[in-house]
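The values are calculated or read from the model by the stated rules, or taken from the named source; none is laboratory data. Keep in mind the model is a prediction, meaning the values are calculated, not measured. Glycine also receives a Cβ, built like all others from the backbone with ideal geometry; neighbour counts cover every protein chain displayed. Side chains included, ligands, DNA and RNA excluded: accessible areas come from the protein's heavy atoms. Shrake-Rupley method; radii C 1.70, N 1.55, O 1.52, S 1.80 Å.
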Amino acid sequence: MMKKRLTFCAIVLSVVMMTACKSESPVVQTAPVEGHYTYQHGWNYDVEEGHIDVHETGTMDFYPDGTALDSARQVYKVILNDGGVVTWVFNYVSPSKWHVEGEDFFFSGEEKTFRMEFLDTTHDGCDESQTTELAERILKSVRGGIGRKTKFHLDELTPSKLVWSYTYPDGHSDKWKFYRDQK
């Protein structure tokens, strides 16, 4: 009887250890990717001239043929080292391609049809000539990376949302949450 109890305890302990050692939970995937989504996302970074905060509000349409359309209103607020502040507003339109392989979500923009249109600017404590070069560098940087195929981790896919994440080379990660239009 004691031997059976020990065997049973060993089996239970093995199962507990195997499940406890699993580092990632499986992706919740209960819906197809295709659909119309809305999202808000923000990020920030430093440049030689100061600090940039970016916020975007947009829509993402994923189509069954593996194409997508990412459209957003992007606001870049730059706090310059000398105390000046400049804000640019852009209309960001990126026809794209996508596909999923297991928990990997691959996404890339189409360089030839990508647009990032200037809508508005405000300057506080600086003049436009101070910031024109920085604006051109930002646009060149965004345009330069748009065609790169990026592998995101598919964190969640349900009838109401899609969540993906990306870990940057420096080790920090970022998460995007897309909310499906339920109409």
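Results, tabulated for the structure shown:
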{"read-out": "With DNA, RNA and ligands ignored, accessible area of THR30 (1.4 Å probe; Å², nearest 10)", "value": "90 Å²"}
{"read-out": "Chain lengthening between TYR168 and LYS140 when straightened (0.36 nm per residue, less Cα-Cα)", "value": "8.1 nm"}
{"read-out": "Accessible-area ranking of VAL75, VAL33, largest first, probe 1.4 Å", "value": "VAL75, VAL33"}
{"read-out": "Residues in segment 64-108 reached by a label modelled at LYS175 [backbone nitrogen below 18 Å; 7 Å Cα→Cβ]", "value": "103-105"}
